[in-house]
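Have a look at the structure below, then the notes.
The values are calculated or read from the model by the stated rules, or taken from the named source; none is laboratory data. All of these numbers come straight from a predicted model, not from anything done at the bench. FYI the Cβ positions are ideal-geometry reconstructions off the backbone, even for glycines, and counts take in every protein chain you see. Side chains are part of the model used for accessible areas, which takes the heavy atoms of the whole protein and leaves out ligands, DNA and RNA. Shrake-Rupley method; radii C 1.70, N 1.55, O 1.52, S 1.80 Å.
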Amino acid sequence: MTALLDSELLIERLSCVLLGKDIDGLDEDLVQYIGGLISEGLEDVEITEDSVEEMMGPFLESVNCPDDIAQQARDVVLDMARNSNLPNTDTGTKKLKQGLVNMKLDSDLTDADQDANRYLWGTDSKVHELTNTSMEHKTKSSAKDRRKAKQELERARREFQAKVEQQQKEESAGEVAAMLLPDYTSGRNERDVQIKNVSLSLDNGQLLLDSGELKFAQKRRYGLVGKNGIGKTTLLKAIASQQVDGIGVDVLRHLRILHVRQEIKSEGNDVTVLKAVLDSDVERLSLLGEEAEILSRLEQEPANTSSDTVGSIEERRKKLQTSGEDSAMNNAFKEDLKRLDQVYARLQVLSADSAEARASMILSGLQFTSEMQRGPTSALSGGWRMRVALAAALFIEPDILMLDEPTNHLDLEAVLWLESYLVDYKHTLIVVSHDRGFLNEVCTDIIEFAHKRLTYYRGNYDTYVKTADEKIKNSMRVYQAYHDKRAHMMEFITKFRANAKRATMVQSRIKAVEKMDLEAPEPVEVEQTWRFSIPHPEPIGRPIIAIDDVSFDYDNDKTDESTFLIQKVNFGVDLTSRIGILGANGAGKSTLLNLIMGRLKPKMGNCTINGRLRIGHFTQHSADKFDLQLSAVENMLSLFKDADDQEMRSFIGKFQIQGLDAVKPMFLLSGGQKSRVAFASLAYQKPHVIIMDEPTNHLDMESIDALVEAIQDFKGGLIVVSHDQYFISNTCSELWVVGEGVASRFRGDFNEYKKHTLEKTRKRVEASVKSLSTINN
């Protein structure tokens, strides 16, 4: 093949550009290879910046060559190509820039024809950019841009995989609760925390919190709120490990700080549930171990001849105080006695004598029966092991307790008990929760995490919403007043700028405007409220769903109906039903939903479902059903085979999944965006009846509000299982309680149900503690 460029000259010029910059990995051999490749490889290739980049770009990027140096190297090649009078250079042949072009020269057209062509192609306005962007995408993106986009995607994939692996590593940790042992030797004893200029970043350098302030007062209960992905969990983890920029090494070391994660997926072990909770207080365990060690050491003293260890120790203490003997042995004895007194004092502060009763009381409140408390943790499901972790945290009673979505794995009965327990918590509490009702009952303060700042509000969540809205309105009024006043003064300046008689007044107003601009309030950014709707179904005849004397149990060998999980259930559903199903976990709520949907067959009785009925099913795991390697559009098309690509893009666009978000892999979407795709899949079914099982888990407040309003406007039936008080109160008009094999309608409103449940839980907790006391005695 005949070389089109002088290879030696090209290599020499490239060497001058590339080898003088001390780039690691870029040596003379690589430059010679690149020069030879380019000089012999351009014969059949259009010589443009893109084609040169295509050939030499991968080699330069492999050694991390700076962009400016790479551009200089490309310029060398292009300059030599132009000077060698080659036909295929940028000056010779022009690439087609727009797939379709008019081959007739503009000079041959009349002005009217040219205007018509501009209108036809949309080049007379921004229409061209809107209509032809997708058509020209391949042409406009260079080889370098495409390669960078691919590298960005691969980088995102690696980060996503690393995040998953780290999460799995954390979740597989065996501890139900982990806490750093406090250091009481620092001399600090304050319980309030106030630290300024605190910053927080991710491992990749992304800044989450910039010069924030941590302010936690003892006996105050804080709700930490903010959008999903803003960094709430990361902040709690950093505080618990005391790895926040701006927090000194010893600032919090005197405090017992504990963070309970959202998920714990350890498999458990043979330790009983009760012992797992007792052993979770590492300080208590450490003190008990130290007590045993000191007592053992004291028992081995030569002077100890009595079988009554405590008595002999006390006798020797008195003898030592009376005689005043001073020896190495006596000094060691005195040190041991002093430390033993300190250990006993600390154990008394930790209420070690009542530890087992407290642990049992907490477990009972979280719906653990006496049998479950005595059983191994390995027999529990993931949700129940999360309850063990929560019970352990409550048992430890740290100085700062941080709970991350504590209600996610609880039924409503346990949520209501937890509320009543936390209201009386005597230390500092920080809780992240999507449950508005829970935050209203528990919190005395709200911390808003937004725009890399922490803003503190007094009051519960509803008070925070009102205060924040009023703050925005006031800021808008202040900014509008500034804007109006400035516009009025500028109007005067513009009108009389050339008027010599008013020159003094104009100059005065110019100075006033300049001063106003220096002190101008920042423009108020009001985020748009996102809402969606579920299409109204066409009417269908009754019965919609009829449940008649239905009984069911998973044990096929059972024949006694009185022992079944579900016994003689009767109720109906139509397009006006708004039914909330309540009850403890394991009572049969989800089983009842599966019977209604036809996924289970009753052993006795009948489930009658209208043949034209479309049921939409939405659960806390609805977003997990998607293949995260595929885009939102691809996932939706795989669910709905008959849908058209453009139709689906338009449909999910109504859920603010637009542009690149619609076509990039779903693992790159935020949690809130994934939830919106799940909402879209629900709405696309056009259901007559929606069945929901814990739908609000993992949703942020904005998504919950959007879901509530969509259901309120929906002209179909609803059956929902949820522990979210706000969601139930705003979507359900009748309550059904499932328990002890019976499903019956509760005659009363939700507040009455709360009182009824709390009283029932109180009696059960008392009975459980009494039972434990009887067993121990």
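Please go through (1) open to solvent by 10 Å² or more (accessible area, probe 1.4 Å); (2) closer than 30 Å to Leu758 by Cβ; (3) without any contact (Cβ under 8 Å) to a residue 60 or more places away in the chain for Gln620 and return the number of the only condition it doesn't satisfy.
Looking at each condition in turn, Gln620 falls short on (3).
Counting residues that are closer than 14 Å to Ile579 by Cα and out of contact with any Asp or Glu (no Cβ under 9 Å at 6 or more places or on another chain), which helices (runs of 4 or more DSSP H) fully inside region 658-749 reach at least 2?
701-713, 725-731
Please identify the pairs in which a residue from region 522-549 that is in contact (Cβ under 8 Å) with a residue 60 or more places away in the chain and over 26 Å from Leu592 (Cα atoms) has its Cβ atom under 7 Å from the Cβ atom of a residue that is open to solvent by less than 20 Å² (accessible area, probe 1.4 Å) and in a loop (DSSP other than H, G, I, E, B), counting only partners at least 6 apart or on another chain.
Between residues of region 522-549 that are in contact (Cβ under 8 Å) with a residue 60 or more places away in the chain and over 26 Å from Leu592 (Cα atoms) and residues that are open to solvent by less than 20 Å² (accessible area, probe 1.4 Å) and in a loop (DSSP other than H, G, I, E, B), the close pairs are Phe532/Phe655.
For region 330-356, which residues satisfy the criterion of being assigned to a helix (DSSP H, G or I), under 38 Å from the mean Cα position of the chain (by Cα) and surrounded by fewer than 14 Cβ atoms within 10 Å (Cβ to Cβ)?
The answer is Val349, Ser354.
Just wondering, is there one or more residues in region 757-777 that are under 23 Å from Pro687 (Cα atoms), in contact (Cβ under 8 Å) with a residue 40 or more places away in the chain and under 31 Å from the mean Cα position of the chain (by Cα)? If you could, list the steps in order and put the result at the bottom.
To start, the set of residues in region 757-777 that are under 23 Å from Pro687 (Cα atoms) comprises none.
Within region 757-777, not a single residue is under 23 Å from Pro687 (Cα atoms), in contact (Cβ under 8 Å) with a residue 40 or more places away in the chain and under 31 Å from the mean Cα position of the chain (by Cα).
Return yes when Leu255 is outside any loop (DSSP other than H, G, I, E, B) and at pLDDT 80 or above and no when it is not.
So Leu255 fails the test.
Just to verify a result, which residue in region 409-431, among those that are within 27 Å of Pro695 (Cβ to Cβ), open to solvent by 10 Å² or more (accessible area, probe 1.4 Å) and not charged (D, E, K, R), is modelled with the lowest pLDDT?
His409
Among the residues in region 713-724, are any open to solvent by 10 Å² or more (accessible area, probe 1.4 Å) and either farther than 26 Å from His409 by Cβ or aromatic (Phe, Trp, Tyr) (or both)?
Yes, region 713-724 has at least one match.
In region 37-55, which residue that is over 14 Å from Ala70 (Cα atoms), part of a helix (DSSP H, G or I) and open to solvent by 20 Å² or more (accessible area, probe 1.4 Å) is modelled with the lowest pLDDT?
Gly41
I'd like to check something: does region 528-536 contain any residue that is part of a loop (DSSP other than H, G, I, E, B), among the charged types (D, E, K, R), out of contact with any Ser or Thr (no Cβ under 9 Å at 6 or more places or on another chain) and surrounded by 12 or more Cβ atoms within 10 Å (Cβ to Cβ)?
Scanning region 528-536, I find at least one residue that is part of a loop (DSSP other than H, G, I, E, B), among the charged types (D, E, K, R), out of contact with any Ser or Thr (no Cβ under 9 Å at 6 or more places or on another chain) and surrounded by 12 or more Cβ atoms within 10 Å (Cβ to Cβ), so the answer is yes.
If you take the residues of region 435-463 that are over 16 Å from Val423 (Cβ atoms) and among the aromatic types (Phe, Trp, Tyr), which of them is least open to solvent (accessible area, probe 1.4 Å)?
Among residues in region 435-463 that are over 16 Å from Val423 (Cβ atoms) and among the aromatic types (Phe, Trp, Tyr), the one least open to solvent (accessible area, probe 1.4 Å) is Phe449.
So which residues in region 623-634 are assigned to a loop (DSSP other than H, G, I, E, B) and surrounded by fewer than 21 Cβ atoms within 10 Å (Cβ to Cβ)?
Matches in region 623-634: Asp627, Leu628, Gln629, Leu630.
If a residue counts only when it is small (Gly, Ala, Ser) and open to solvent by 60 Å² or more (accessible area, probe 1.4 Å), which strands (runs of 3 or more DSSP E) contained entirely in region 186-241 have at least 1 such residues?
Strands (runs of 3 or more DSSP E) meeting the threshold: 207-216.
With the structure loaded, tell me whether Ala546 is open to solvent by less than 40 Å² (accessible area, probe 1.4 Å), within 21 Å of Leu735 (Cα to Cα) and under 29 Å from the mean Cα position of the chain (by Cα) or whether it fails that test. First the steps, then the outcome.
Details: open to solvent by less than 40 Å² (accessible area, probe 1.4 Å): yes; within 21 Å of Leu735 (Cα to Cα): yes; under 29 Å from the mean Cα position of the chain (by Cα): no.
The answer is no for Ala546.
In region 736-759, what residues are touching a strand residue (DSSP E or B) at 6+ places or on another chain (Cβ under 8 Å) and open to solvent by less than 10 Å² (accessible area, probe 1.4 Å)?
Passing the criteria: Val738, Gly741, Tyr753.
Tell me which residues, restricted to region 635-658, are buried (at least 17 other Cβ atoms within 10 Å of the Cβ) and out of contact with any Phe, Trp or Tyr (no Cβ under 9 Å at 6 or more places or on another chain).
Across region 635-658, the qualifying residues are Leu637, Arg649, Ile657.
Count, please, the residues in region 584-613 that happen to be under 32 Å from the mean Cα position of the chain (by Cα) and either open to solvent by 20 Å² or more (accessible area, probe 1.4 Å) or of a type outside the set (Gly, Ala, Ser) (or both). Give the steps one after another, and end with the answer.
From region 584-613, those under 32 Å from the mean Cα position of the chain (by Cα) are 584-594, 597, 599; that's our starting set.
Okay, now just the ones that are also either open to solvent by 20 Å² or more (accessible area, probe 1.4 Å) or of a type outside the set (Gly, Ala, Ser) (or both), so 584-586, 589-594, 597, 599.
Residues meeting the conditions: 11.
Being of a type in the set (Val, Ile, Thr) and touching a residue at least 60 places away in the same chain (Cβ under 8 Å) narrows it down to one residue among Val689, Val663, Val677; which is it?
Criteria check complete, one pass: Val689.
Please specify each residue of region 553-564 satisfying the condition of being part of a loop (DSSP other than H, G, I, E, B), surrounded by fewer than 18 Cβ atoms within 10 Å (Cβ to Cβ) and not aromatic (Phe, Trp, Tyr).
Asp555, Asn556, Asp557, Lys558, Thr559, Asp560
Could you please find all residues in region 357-375 being open to solvent by less than 50 Å² (accessible area, probe 1.4 Å) and either more than 23 Å from Pro182 (Cβ to Cβ) or over 35 Å from the mean Cα position of the chain (by Cα) (or both)?
The answer is Ala357, Ser360, Leu363, Ser364, Gly365, Leu366, Gln367, Phe368, Ser370, Gln373, Gly375.
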